[in-house]
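Undergrad: Structure provided below as structure tokens; questions to follow.
None of the figures in this text is laboratory data; all of them are computed from the coordinates on show. The model shown is predicted, which means the values in this text are computed figures rather than measured ones. Every residue, glycine among them, receives a Cβ derived from its backbone with ideal geometry; neighbour counts consider all protein chains shown.
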Amino acid sequence: MPDSIRSRPVFVLQSTAVALWHGYDVAMVDLDGVVYRGGAALASAPERLTQLRGHGLTVAFVTNNASRTPAAVAAQLRALGVDAADADVVTSAQAAARVVAGMVPAGSRVLVVGGEGLRQALLEHRLIPIASAEDDPAAVVQGFAPEVGWALLAEAAYAVAAEVPWVASNLDQTLPTERGIAPGNGTLVAAVAATSQRMPVVAGKPEPALFDETVIRVGGNCPLIVGDRLDTDVAGANRVGADSLLVLTGVTDLDRLAAATPLERPTFVSADLGGLEVPHLPPVVDGTGVTCGQWRVEVVDHELWVERGRAAEPPAERDVVDLVRAAVTAAWRHLDSNQVAVSMSTASARLHEMMQGHAGRADEGTLDE
């Protein structure tokens, strides 16, 4: 199906009367900011993913990082306590290699500007990785790797200037590291683009190729895309017409979500992966406010105010989801009507307080499921 036909905007959050996972047969889960942060697994993430598999869902780990092989990524996940086979991991390198394979004959030489992940992915499609433009490449494929420097970028520029096909694993401008934010593959692609006055075909999120690659490898008819980034995970889901769950354990906070445009809005939102295990109740719009579960929010002078009702306590996970859904619904209504984003500082503070409390109850073994 053409990508323009699959693409769709999101104006309001969707609702479910049962736990969110019920509606899907495969979860396409992003890694950094969803499963782990830095070198440590996020709280309860391994257990949540095991629960999903117990429900019968296929879990695929889908990453824009093209530097490592699926086997290396799966080994890291297992070391963090996540049940992951090599075949459960799908990378932008694999998607990029399939795109290249559709452009050139089998046995062609392809200049690799990247790491082992790209080289192995090309070999899978019977393409020959090379490192010099002097070896007459039929195409160029580019993805992030720490070892990419000026010399390899120059080789790419020479080959791209000769008008051969050029495929990039992704255009991510930044790369989170333990020391801070570093330049991502998009900055390296920009160097070649500036030199050659060309732009590559892109395989990774938010483009459809990586999601299509995941379906080819793991199957599924009704996927849910789970991620922490609006511009890659969520925008990519909307581009292929799939539902998405945005979790707030990574780079996106409530203020960024409140200002999201319809093409970068998720269909569901939760503080963390616990949102997969609970219903997502429909927010009720009442005059100037929005109510969901115990929570009522109102926008006053472009600021969101939060009030909690006195109803009986719902399960802990659903209480968090209800708060986020009420806040986001009110924020999007205000943005769409007034073209002004609201401040979510009060809702963010309340959410942080609740998540700290849930973490404490989880440590004590009493977190509601």
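Undergrad: Counting trypsin sites (Lys or Arg not before Pro) as exposed when in a DSSP loop with at most 11 other beta carbons within 10 Å, what is the longest stretch of the chain free of them?
TA: It runs 180-309.
Undergrad: Something else: Using θ = phi - 60° and the Karplus curve 6.51 cos²θ - 1.76 cosθ + 1.60, what whole-Hz ³J(HN,Hα) does each residue of the range 63-69 get, with Gly and Pro shown as x?
TA: Values, residue by residue: 10, 7, 6, 9, 6, 10, 7 Hz.
Undergrad: Here's something else I'd like to know. Pulled fully out, how much extra length does the chain show between Ala79 and Asp286, if you take 0.36 nm times their separation in residues and subtract their Cα-Cα distance?
TA: The Ala79-Asp286 span can extend by a further 69.7 nm.
Undergrad: Using only the alpha carbons of the range 253-295, what is the convex hull's orientation-averaged projected area in square nanometres?
TA: Quarter of the Cα hull surface area: 4.0 nm².
Undergrad: How big is the dipole moment of the chain about its Cα centre under a simple scheme where the beta carbon of each Lys and Arg is +1, that of each Asp and Glu is -1, and everything else is neutral? Debye, nearest 20, please.
TA: So the magnitude is around 480 debye.
Undergrad: Another question about this same structure. Placing +1 on the Cβ of each Lys and Arg and -1 on the Cβ of each Asp and Glu in the range 67-156, which of Val141, Gly81, Gln120 has its Cα farthest towards the positive end of the resulting dipole?
TA: Gly81
Undergrad: Moving on to the next point. Tell me, what HN-Hα J-couplings in whole Hz come from the Karplus equation 6.51 cos²θ - 1.76 cosθ + 1.60 at θ = phi - 60° for each residue of the range 291-302, using x for Gly and Pro?
TA: Calculated HN-Hα couplings, in order: 10, 8, x, 7, 9, 10, 10, 9, 9, 10, 6, 6 Hz.
Undergrad: Give a residue-ordered list of calculated ³J(HN,Hα) values for the range 231-245 (Karplus: 6.51 cos²θ - 1.76 cosθ + 1.60, θ = phi - 60°; whole Hz; x for Gly, Pro).
TA: Rounded to whole hertz, the list is 7, 10, 5, 6, 4, x, 4, 5, 5, 9, x, 9, 6, 9, 10.
Undergrad: Just to be sure I understand the model, the point goes 7 Å from the Cα along the line to the Cβ. What's the resulting Asn221 to Thr16 distance in nm?
TA: It is 1.8 nm.
Undergrad: Given a cut-off of 22 Å, what percent of all Cα-Cα pairs of the range 93-202 lie beyond it?
TA: Summing the P(r) tail past 22 Å for the range 93-202 gives 22 percent.
Undergrad: Report P(r) for the chain: all Cα-Cα distances, bin width 20 Å, range 0 to the bin holding the largest distance, values in whole percent.
TA: Taking every Cα pair in the chain, the percentages come to 29, 53, 17, 1.
Undergrad: Express in whole angstrom the spacing between the alpha-carbon centres of the range 32-92 and the range 234-276.
TA: Each part reduced to its Cα centre gives a spacing of 19 Å.
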